[in-house]
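What follows is one structure encoded as structure tokens, with my remarks underneath.
The values are calculated or read from the model by the stated rules, or taken from the named source; none is laboratory data. All figures in this text were calculated on a predicted structure; none of them were measured in a lab. Cβ sites come from the backbone with ideal geometry, for glycine too, and all protein chains shown count toward neighbours.
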Amino acid sequence: MVDAQELFLLAPKTAPPLTPAKVLGWALPSDRPYVMLDAAACVVGYAELNRMADSNSRLWIGHVLIAPHRRGAGYGTRLVRLLLEAAFRDRRVREVGLTVFPQNHRALACYRRAGFVGGQNHSCRFPDSAESHTLLWMSVPRRRFRWLSRRGAQ
């Protein structure tokens, strides 16, 4: 079960409670949703690989979600690395990015383990939130992905 605060950090425009229908509604027609299964074919993760509105050579990862009872076992890092492989090897983009709340320490650690590096902060307002929130842009340029691949990090 995902609580309201965790849901806000994952999908600030999604009202609680999180349901399968809401997850299915996250992906736009131009996005590619991915589901990660374990060896028993049980769903353990979900994320999207999305086109950047202003570029055909850049993609962004959205809504990385790992089943609560599977967290801490490396599934998030594996899912993000698989998305990087799909982006760089299959779609041949030059950069993959994502945004994350700086206070989402588990997500930040996951993205750093997958090879993302921090960029700049920006402010954003979301529905049902009167305050401005800071988000961190992180990315993996193609050159870094190649370096990570040679090191065996992918």
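Do you know which of the residues in the stretch 24-36 that are in contact with a strand residue (DSSP E or B) (Cβ under 6 Å, 6 or more places away or on another chain) and hydrophobic (A, V, I, L, M, F, W, C) is surrounded by the most Cβ atoms within 10 Å (Cβ to Cβ)?
Once the filter is applied, the top-ranked residue is Met36.
Return the pair list, or none, for Cβ contacts closer than 9 Å from residues in the stretch 25-46 that are closer than 13 Å to Gly62 by Cα and in a loop (DSSP other than H, G, I, E, B) to residues that are among the β-branched types (Val, Ile, Thr) and at pLDDT 95 or above, at least 6 apart or on different chains.
Listed pairs, sorted by first residue: none to list.
If I filter the stretch 123-141 for residues that are β-branched (Val, Ile, Thr) and assigned to a loop (DSSP other than H, G, I, E, B), do I get at least one hit?
no
For Gly76, only one of the following conditions fails: (1) crowded, with 19+ Cβ neighbours inside 10 Å; (2) touching a residue at least 40 places away in the same chain (Cβ under 8 Å); (3) of a type outside the set (A, V, I, L, M, F, W, C); (4) within 18 Å of Leu10 (Cα to Cα). What is its number?
Every condition holds for Gly76 apart from (2).
Of all residues in the stretch 118-143 being without any contact (Cβ under 8 Å) to a residue 40 or more places away in the chain and touching a Phe, Trp or Tyr at 6+ places or on another chain (Cβ under 9 Å), which is surrounded by the fewest Cβ atoms within 10 Å (Cβ to Cβ)?
Gln120
What are the residues in the stretch 44-61 that are hydrophobic (A, V, I, L, M, F, W, C) and either in contact with a helix residue (DSSP H, G or I) (Cβ under 9 Å, 6 or more places away or on another chain) or at pLDDT 95 or above (or both), if any?
Val44, Ala47, Leu49, Leu59, Trp60, Ile61
Being over 16 Å from the mean Cα position of the chain (by Cα) and among the basic types (Lys, Arg) narrows it down to one of Arg51, Arg92, Arg58, so name that one.
From the options Arg51, Arg92, Arg58, the qualifying one is Arg92.
Of the residues that make up the stretch 54-77, is at least one part of a helix (DSSP H, G or I), more than 26 Å from Asp3 (Cα to Cα) and of a type in the set (Asp, Glu)?
no
Among the listed residues Leu98, Leu84, Leu59, Leu49, identify the single one that is touching a residue at least 60 places away in the same chain (Cβ under 8 Å) and either crowded, with 21+ Cβ neighbours inside 10 Å or more than 27 Å from Pro20 (Cβ to Cβ) (or both).
Answer to the selection: Leu84.
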